[in-house]
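Just below is one structure, and these are the notes that go with it.
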Amino acid sequence: MKTVGQILQKNRIDKKISLEQVAFQTKIRKDILIALEADEFQRISSIASIKGLLKSYAEFLDLSSEQILAIFRRDFSRKEKKKIIPSGFLKPIGKRQINLTPKITMVITIIFFFLILAGWLSYQYLSLVRAPFLKINYPMDKIQVKEKTIEIYGQADVDSLVTVNMETVLLSPQGEFHYQVTLFPGENDLVIEAANKNGRKNKIERIIFYQE
């Protein structure tokens, strides 16, 4: 069973008419005629446009436009039952592309600049209001040990001042630190504190039980 495109193409060839002649007489672009003959209806913007073009082409070839449209509806109905929807009904031919003019480029550049500026200002604001980062990897809270000394391992912001029980601790370039504390028998309170240049502080406490 022949399709609409096959019928149109066969009749045109049988009558020895070129596509250029059809295009000149019908005012239908050559690429559209090729799409019609190839049944590539997805290249045309809408069903109404397809029907109008098929009608004009059929009448030019002295074919029954009603019969051609009936065959098209038959073929399209089959595609719908198979849930095959021609993408051209959603994607018009000659899709418009954005032309990046100097004005648009300048606007995009300005927007990009302000986004970077807003991000930088947000970072600076958060740096002022947030407490410095501080993490104690060891020891855990409320542990019992039998050694008289204990090593404290942790991490903090590189530019912060870290103290353990008011004693300053040195930080590595990566913000890591360790500090040895001498314990007394019984309960020992360890206060680890980090302070930044804006006076914001972060404090962690550990209770260590030392049993001789």
Consider the range 142-165. How many of its residues are in contact (Cβ under 8 Å) with a residue 24 or more places away in the chain, outside any strand (DSSP E or B) and under 15 Å from E193 (Cα atoms)? 4
Against the definition (at pLDDT 90 or above, under 25 Å from L19 (Cβ atoms) and of a type outside the set (V, I, T)), how does L61 come out, yes or no? yes
Which count do you get for residues in the range 6-42 that are touching a helix residue (DSSP H, G or I) at 6+ places or on another chain (Cβ under 8 Å) and at positive phi? 1
Regarding the range 57-77, can at least one residue be identified that is surrounded by fewer than 15 Cβ atoms within 10 Å (Cβ to Cβ), in contact (Cβ under 8 Å) with a residue 24 or more places away in the chain and not charged (D, E, K, R)? no
By residue number, the members of the range 166-176 that are out of contact with any Gly (no Cβ under 8 Å at 6 or more places or on another chain) and surrounded by 13 or more Cβ atoms within 10 Å (Cβ to Cβ) are V169, L171, G175
Selection from the range 177-207 of residues that are crowded, with 17+ Cβ neighbours inside 10 Å and among the acidic types (D, E): E193
Restricting to the range 89-108, what's the tally of residues that are modelled with pLDDT of 90 or more and exposed (fewer than 10 other Cβ atoms within 10 Å of the Cβ)? 0
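The values are calculated or read from the model by the stated rules, or taken from the named source; none is laboratory data. Keep in mind that this is a model prediction, so the values were computed, not measured. For neighbour counting, all protein chains shown are included, and Cβ atoms are generated from backbone atoms with ideal geometry for every residue, glycine included.
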